[in-house]
Every structure is written in structure tokens, then in C-alpha cells.
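What follows is one structure encoded as C-alpha cells, with my remarks underneath.
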């Protein structure tokens, strides 16, 4: 691949706020970007108005409703779709992919493989039941060179040309280098990493803590309380992440603590917004119904609730959030209980 302004287009699958922001970002280093929009009516509307997810599109972006066009025209593709739709998207895209393709996804959620019987003590959820998006890509296609984007990447701020950075994580240095060439500019820094699973888990698990941070904000508990939640939440993320196959380093870098800080302090974060609305008294069903895009943390809380029991990992914050979401506990009561629980030593993951 040539460096800047390559003649071959770059593909983006998913025209939500983040996918659109990435598509616009890519046009600064590429002559042409193809943005895939699943819904045909929406695809035509975006092509006519040149606006997607509230963002004006660069003239270098063309719109398609064809995954075949994405696969045949683009050697580098950025899939950015909700985790619940990711496997189906890959199954539809897969016939048009070859081993030479490079896929760098931007989805921070789990793919859940449901068993024939409900999860229980006799049939516990394990790592075999959940997949990161890189694992879904490998399972559903012939693509080998896979990576992810992870970091404090609030879509609205990227769209507004505010400074930011991300980690391109992959087992292949070539994927990292390609991501850097395509995305880096004077306001968007790109770091590289080889712990793909760790970076993915960091991005997934921080969504849980962001929901809790939104609750604290909604209750008006102040910055001390939010800092307490973030710091204890990071410890919880690391324990869960290690149980699921990640390394500590990813959680302590931009993909982990960097993303955690950004999403735990901004109403631009969908997961933060969910927590805030819960604290304000709204029911989860109404919150989800009123959101234009998916808050991945809601599903992740349920999944970690099951995995933590299976692996005997202590996840106090996740458990509190689970009980609030499923109406066993009020937000105020969860806060009071959390303050009364005995914790072990502050930092116990470096032993």
C-alpha cells in the first residue's frame, strides 16, 4: 500500500456517529473512502444530503449499500457496527473477503454465543461463549490480518476536529503501520500495540464503569465519588480482563485508563448517559428506546455478571449495576451499599 492519497479506496462499514467520524478522518490521507450504509432508504438519503449521523461528509466519501462493493474495491476495511449485528455483518461480508484484506474494527462489545440451555450453576457462561470482534472476524472470514481501534475516541469530538488519540492493536505490525498511515494527522495521534485481545477487553469493560459514572453524576455525588469509582473500576476491569485472557499493560494505557477517563466524564458517552438517566429515575427500557445508537455497556454488564460468577472474580461495581438494571436495587441504595463494602488493598494486580 502506498502512503498518502492511495488510489485504492478505504472502506468503512457502519454509518453511525463513530463510523462516520472515522470515514471523514480517513479522507485526509486517502483519495476516496467508501462508507457502507445497511438500510437502502437511509443510504440514498445520506448520498443526497451528504450528512450522516449529524456530520457533513467529505467530498471524498462515496456511499454504498453493497458489501460486495466494499470487499471488491477496498483492501483495508474499518467495520464499526454494534456488537449485536457484527457477526451477521461479517457473514454477509465474508464471501467478498480474501486473505489479503486488512480489517481494523472499532466496536467495543462482546458477541455472545447462546447455549441450548439457560446459563446456570450447572451450565455456567465461560470464555467459550463470548467472542471479541477480532475473533468474530477470524471465525467468519478468511481474513488473517486483523486489528482494532481502542482509546478515548468520543465521536463528536473527533468530528469537531478536537485533538485525540487511539491505539491500533494487532498481532501484525503491518496492520498497525497501515492504521497509522491512514489515520494519523496533526490532531489525531496513533499508537501501536500487539495485545489485540487486551485492547479489545479494555474498550469493552470500561463501558461498565462509564454507566456507573453516569449514575454518580446523575445523583450529584461530586468528583471525589467519580474518581473513586474510576480508580476502583480500573482494578475491577483488570481482574476481569486477566481472567478472560488480556494483559495488564493494555488496561494501563490509552485503550484502558485513557478511554475510561474520557467516557466516565462526558455526556457524549452513550454509556455515561444511560447511567445518568437511571439515576434520574428512568427505566432501562425507556432509556434504550430513546437512544439513537447502542450503549454497549448494558449488554456487557449482563455478560460480566455471568462470567464473574463462573471465574470467581469479585466484581462489586458490575454486580451493583446489574441489580440496578434488573430492578432489584435503587441507584441510591446501590451507592450506599458500595460505600459500606470492605475492599482489599488498593492495588492488588501487580503482585
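Just a few scattered comments:
- What the Cα atoms of the range 82-235 give is an Rg and a Dmax of 17.8, 54 Å.
- Linear extension gain, residue 228 paired with residue 328, 0.36 nm per residue minus alpha-carbon span: 33.6 nm
- Antiparallel DSSP beta bridges within the chain, percent to nearest 5: 25
- Degrees, to the nearest 10: 270-279 long Cα axis against longest axis of the chain: 30
- Cα-based helix-to-principal-axis angle, 173-183 vs the chain, degrees rounded to 10: 80
- Per-residue Cβ neighbour counts within 10 Å put 172, 18 in the sequence 172, 18, beginning with the fewest.
- In the chain, the longest principal axis of the Cα atoms and the axis of helix 196-219 are about 60 degrees apart.
- Estimated FRET transfer efficiency (residue 142, residue 48; beta-carbon r; R0 41 Å; 0.05): 0.70
- If you run the Gaussian network model on the chain, springs between alpha carbon atoms under 10 Å, then out of 276, 335, 40 the most flexible one is 40.
- Ordered by the count of other Cβ atoms within 10 Å of each Cβ, fewest first, 117, 44 give 117, 44.
- Considering only the range 118-218, percent of DSSP beta bridges that pair antiparallel, nearest 5: 45
- Point-to-point label distance, residue 293-residue 85, nm (Cα→Cβ direction, 7 Å offset): 1.2
- Take the Cα of residue 123, step 7 Å toward its Cβ, do the same at residue 172, and the gap between the two points is 3.8 nm.
- Global dimensions of the range 163-290 from alpha-carbon coordinates: Rg and Dmax equal 16.0, 48 Å.
- Summarising the label geometry, the points placed 7 Å from Cα in the beta-carbon direction at residue 39 and residue 267 lie 2.5 nm from one another.
- Mean separation of Cα contacts under 8 Å, 6 or more apart, over the residue count of the chain: relative contact order %: 14
Values in this text are rule-based calculations from the coordinates and carry no lab data. Since we're looking at a predicted model, the values are computed, not measured. Quick reminder, even Gly has a Cβ in these numbers, built from the backbone with ideal geometry, and neighbours come from all protein chains shown.
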